[in-house]
Ligand SMILES: [Zn+2]
Ligand SMILES: [Zn+2]
Ligand SMILES: [Zn+2]
Ligand SMILES: [Zn+2]
């Protein structure tokens, strides 16, 4: 992840909605693919039109409906708007959003959207295909963000009201249980299930791995997949699931798999390894843009140099985290069988990119002449003048988990 320059010279972070130096509202411009100051468009004469603040772009913009109405998004659409609901290139994939009449759901939705936008940054960076049938993609990508139904008193027969929501993927639809956006609930489940980390972005990366199995492997490269991950038809998924919850993972899982859960079935092995691959690409991209490593593009790199750099970064950052009393940042160990699986995924991503002739990446293109790489000391200075995140704060909401100088968190925008 990179930062973006504001017109005032301050750095804007991917989640920002306002520049704390010049006080301009900011948003993501889909035309020049930058976080930019949103300038009033004088040609629309008070009609609320906006203009991209990047002087090399200047596109006429309007905020995403989820930015205007709920402040869970910070992206814009280019005029004229063709998307009927006025939703941006990330929000348009939502099929179900949380029930906003339930206290606390707005903040949880905000966290989910922030993680989802980062997922789209990763997919755009790698040039992977995704979309709807209209974009020529099968299956269509969509998202359901839902909470378990709570049976109303005396209405226990109402099955819909007591629906159990399972985080997962089915035929292009990624469902995330809203409970995962509650830090206490998620950490409890992480400890209960013995996981080294459990994050929202991690959920998206895992579930989108199932999506890409459908897009890039199913009916196309299944034989090659079996050679690396094993036979996904034998045992069947339901047989494997039953065995996993009855017997647990094999004692030697760490010799062959990226995680204990990956040992359940080849499909889960693929999704877990895919998620680890996306995490590696994201970490290398961020480390370059923050000045920790030299120019290094995971899109054009071979796998081996990526693994070496990720390992070097992991050693340093894990020690940093331990010195702060935090969990390891890079807990994965890439044993030889896992490296083979990563190699399969690396090649698959390259094939997906080559086949992606129709769709454009979401936001991989840096602004012209602006691919500068701040030194670490510059990056530190910049974080002191701009918080990394300025999320919506509905009244009575608990503070979201942001990293910011406490005296520089801007007041919460009023909800409309
Ligand atoms: Zn500014
Ligand atoms: Zn622009
Ligand atoms: Zn949006
Ligand atoms: Zn899965």
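Below is a table of values for the structure above.
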read-out: Qualifying residue in segment 266-286 (condition: at positive phi and touching a helix residue (DSSP H, G or I) at 6+ places or on another chain (Cβ under 9 Å)); value: no
read-out: All positions within segment 289-319 that are under 23 Å from residue 258 (Cβ atoms), touching a helix residue (DSSP H, G or I) at 6+ places or on another chain (Cβ under 7 Å) and surrounded by fewer than 16 Cβ atoms within 10 Å (Cβ to Cβ); value: 296, 299
read-out: Tally, over segment 15-54, of residues that are touching a helix residue (DSSP H, G or I) at 6+ places or on another chain (Cβ under 7 Å) and within 16 Å of ligand 3 (Cβ to nearest atom); value: 2
read-out: Pairs where the first residue, in segment 197-209, is under 20 Å from residue 333 (Cβ atoms) and the second is in a helix (DSSP H, G or I) and within 16 Å of ligand 1 (Cβ to nearest atom), C-beta under 6 Å, 6+ apart; value: none
read-out: Per-region count, segment 33-56, residues within 16 Å of ligand 1 (Cβ to nearest atom) and either in the same structural domain as residue 98 (by TED's automatic domain parsing) or farther than 30 Å from residue 98 by Cα (or both); value: 7
read-out: Selection status of residue 98, assigned by TED's automatic domain parsing to the domain that holds residue 204, surrounded by 18 or more Cβ atoms within 10 Å (Cβ to Cβ), away from ligand 4 (no atom under 16 Å from the Cβ) and not in a helix (DSSP H, G or I); value: yes
read-out: Out of 11, 43, sole residue that is more than 25 Å from residue 290 (Cβ to Cβ) and more than 15 Å from ligand 2 (Cβ to nearest atom); value: 43
read-out: Any hit, segment 246-258, residues being under 26 Å from the mean Cα position of the chain (by Cα), surrounded by 13 or more Cβ atoms within 10 Å (Cβ to Cβ) and more than 24 Å from residue 116 (Cβ to Cβ); value: yes
read-out: Residue 8 being within 16 Å of ligand 1 (Cβ to nearest atom) and in contact (Cβ under 8 Å) with a residue 40 or more places away in the chain; value: no
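The values are calculated or read from the model by the stated rules, or taken from the named source; none is laboratory data. On a predicted model such as this, the values are computed, not experimentally measured, just so you know. Cβ: placed from backbone, ideal geometry, glycine included. Neighbour counts: every protein chain shown.
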